[in-house]
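Reviewing the structure listed below.
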Amino acid sequence: MRLLDQFYIDGAFVAPHGTDTFDVINPTTEQVIAIVTLADTEDTQRAVAAANRAQPAFARTTKAERIAMLTRLHAAILARADALRDATIEEYGAPVSRAAWIANFSAQSFLDAAQVLESYGFTRQMGSSIVTMESVGVAALITPWNSSAGSICSKLAMAIAAGCASVIKPSEMSALQNQIVMEAIHDAGLPAGVANVVTGRGDIVGGELSTNPNVAKISFTGSTTVGQIIQRAATATMKRVSLALSGKSPTLILDDADLSQAVPLALNAAFMNNGQACIAGSRLIVPEGHLAEVIEIVKAVVAQMKVGEPSDPATVIGPLASRAQFSRVQNYIQLGLQQGATLIAGGEGRPEGLETGYFVKPTVFANVRNDMAVAREEIFGPVLSILTYRSEAEAIEIANDTIYGLQAYVHSTSVEHAKVVATQLQAGRVLINCLQHDPLAPFGGFKQSGIGREYGVLGLESYLEAKTLIGA
Ligand code: NAD
C-alpha cells in the first residue's frame, strides 16, 4: 500500500492542504493499492499563483530554451518508461502492449512538440501589419483516466512550446502515473512554477481552475458532459477553452473492401485500450449483402482474443478501470438485448474463469438500429454494434447520424474511393485502411466531440494569441 501525499508546486514537492483521500484500486485484483490525498481549493490556488508568477519570464524564453526543456522532459519520461508502463497496468488494467505504447507516446510527445516549435514562425506579415503570435498565459490542463500520462504529457509539451506556464489537474484514478510524471518534471529542471501538478476531484480542483481569473486557457480532455460544465464556468473570465470530448466513431466497410483485413482492424479499433478509448470505432457499418460473412469473421477473431491478466503479453483485453465502468458496460449490454439487438459474441457477466477483477466479455451486437442506445451513446467498453446499409449514401448518413464527430474509419481496396467517402464524414480525423496516430497533424472533434484541435501547428496555436502591430 502506497501513500501518495505530495503535489508539485513552484518547482518543489509540497504537502497538501487538502485532507480528503481517494483509494486507488487495482482493477485486476480489486485491491486498494494506494491512497492519494486530494487537493482542495487552497492547493489549487497555490498552484495557479506559482504558474502566474512564472508566466512573464517564461513567455519571454527563446525557442532554443524551450526546445532544451522539451528535450530534457523527453529524456526524463523515457528514463521512467518502464515504471510508467507498470503503473498503467497496475492502476488502470491496460494490456502490456498498450501500456508500453502509452509510455513511449508520453515521452515522444515532447520531441514532437519541439519539432513543431522549431519550424514555427511566431512573427509574420499580414496586410501592411506585423502579426506576432504570443503565449496566451497560464494554462490549466485537465485530463481523464483512460490515457492519463499520454494526455498530461502531450498537453504539457504544447503548453511549454507556446510559453505557457501550466497547472495540471490529472484524474485521481491515475495517482501512480501522476507521481511518476511529477518526478520526471522535477528531474527535467524546469524554471519554478512552469509546470505544477495538483491531483484532486474534478468539481473542486477543476472547478477552481475553470473560474480562477489568473487562468487564461483551459485544455480539457474528458467527457462531453464535463466539457459543457467547464465551458459554461470559463465564460465569466473569457478563458480560451479547448475541449477534446467523447465519441461514437463509425467504421465504414465499403462494398469493395477486403473483409479479411478490414474486419480484424475494425475489431481492434473497437476494443483498443479495453474499449475505453474516445476514438473507439464502436459502430461498424457494413454492406447488407456482406453481413453474414462479416459476422463469421467477427466470431472467429473475437474467439481468439485473450481477456485476462493485463501483464500477460498474450492478453488483448484487460479489466475495465473501475467497478463503475464494469456496471456501466453491463447495463449497456442489457439495454442492447432489451432493445432487440442480436448478440453474436460475448454478453452479460464476467468471462469464464475470471471471477475477480472488472473483466467483461468483448461483446458484439448485430442487427443494431442507429436509434438504439448501444448505437447512440458512448459505452466506453469493449462493445461493438454492427449496422447495415444498402447504398453508400445510406452508409454515410448512418455514420453522420450522431451528436459526436471525433474519428471515423473507412475500409476499401481503393484509397481514392475511401477518400471520396471520407470527405463526406463529419469527423475530425478519418483513418483509411489503418489504425494509427499522426502526432504532427491536428486531432479534435466535430460537433459535440469537442472544440479546437490538439497536436501539430494547430495544437500549438491553441495556446497562442495573435497581436497585430499596425504602422510598425
Ligand atoms: P470526465 O469528463 O469524467 O473527467 C475528465 C477530467 O475532468 C478528470 O480529471 C475529472 O476529475 C475532471 N472533472 C470532472 N468534473 C469536473 C468539473 N466539474 N470541472 C472541471 N473538471 C472536472 O472523463 P473521464 O471519465 O475521466 O474520461 C472518459 C471520457 O473522456 C470519455 O467520454 C472519453 O471519450 C473522453 N476522452 C476524450 C478524449 C479525446 O481526445 N477526445 C481522449 C480521452 C478521453
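Read-outs throughout are calculated quantities, based only on the coordinates presented, and are distinct from any laboratory measurement. Here the structure is a predicted model, which is why all the values come from computation and not from measurement. Every residue, glycine as well, gets a Cβ built from its backbone with ideal geometry; the counts of neighbours run over all protein chains shown.
Out of every Cα-Cα pair in the range 115-272, what percent are more than 24 Å apart?
46 percent
Suppose we keep just the alpha-carbon trace of the range 288-394; what are its Rg and Dmax in angstrom?
Cα-based Rg and Dmax for the range 288-394 come out at 14.5, 46 Å.
Suppose R0 equals 25 Å; then what is the FRET efficiency for residue 63 and residue 465 from their Cβ-Cβ distance, rounded to the nearest 0.05?
For R0 = 25 Å, the calculated efficiency reads 0.90.
May I ask for the angle, rounded to the nearest 10°, between helix 224-234 and the longest principal axis of the chain, with both axes built from Cα atoms and the value confined to 0 to 90°?
Computed tilt is about 20 degrees.
Quick one: what do you get for the chain if you divide its Cα Rg by 2.2 N^0.38 Å?
Here the Cα radius of gyration is 0.98 times the empirical estimate.
Tell me, what ³J(HN,Hα) does each residue in the range 420-434 have, in order and in whole Hz, if you take phi through Karplus 6.51 cos²θ - 1.76 cosθ + 1.60 with θ = phi - 60° and put x for Gly and Pro?
Per-residue couplings from phi come out as 4, 5, 4, 5, 9, 9, 8, 8, x, 9, 10, 9, 9, 6, 8 Hz.
How far, in degrees from 0 to 90, does helix 148-162 lean away from the longest principal axis of the Cα atoms of the chain, to the nearest 10?
With both axes taken from Cα atoms, the answer is about 40 degrees.
Provide the per-residue ³J(HN,Hα) series for the range 242-251, in order, calculated from phi with Karplus coefficients 6.51, -1.76, 1.60 and θ = phi - 60°, each as a whole number of Hz, with x at glycine and proline positions.
10, 10, 10, 10, 6, x, 8, 6, x, 10
Report, to the nearest 10°, how far helix 175-187 tilts away from the longest principal axis of the Cα atoms in the chain, using its own Cα long axis and a range of 0 to 90°.
40 degrees
Rg and Dmax of the range 250-439, using alpha carbons, in Å: what are they?
15.7, 48
Distances longer than 15 Å among the Cα atoms of the range 403-456: what percent of all pairs is that?
Percent of Cα pairs beyond 15 Å in the range 403-456: 48.
Which aspartates and glutamates does residue 63 reach when only Cα atoms under 12 Å apart count, and residues fewer than 8 places away in its own chain are ignored?
List returned: 118.
Taking every DSSP beta bridge that has both residues in the chain, what percent is antiparallel when rounded to the nearest 5?
About 40 percent, rounded to the nearest 5.
Using amide H atoms built 1.01 Å from N in the peptide plane, name the residues 5+ places from residue 345, or on other chains, whose amide H lies under 5 Å from its own.
So residue 345 has HN proximity to 364.
What value, in deg cm²/dmol to 500, does the helix sum -39500 (n - 2.57) over DSSP H runs of n ≥ 4 give at 222 nm once divided by the residues of the chain?
Theoretical 222 nm ellipticity from helices: -12500 deg cm²/dmol.
What lysines sit close enough to residue 447 to cross-link, taking a C-alpha to C-alpha distance under 16 Å and skipping anything fewer than 8 places away on the same chain?
Hits, sequence-local ones excluded: 248.
Going by average Cβ density within 10 Å per residue, which order do the peptides 340-346, 404-410 take, highest to lowest?
404-410, 340-346
Greater than 32 Å separation of Cα atoms is the criterion. Which listed pairs, 299/419; 239/361; 217/419, meet it?
239/361; 217/419
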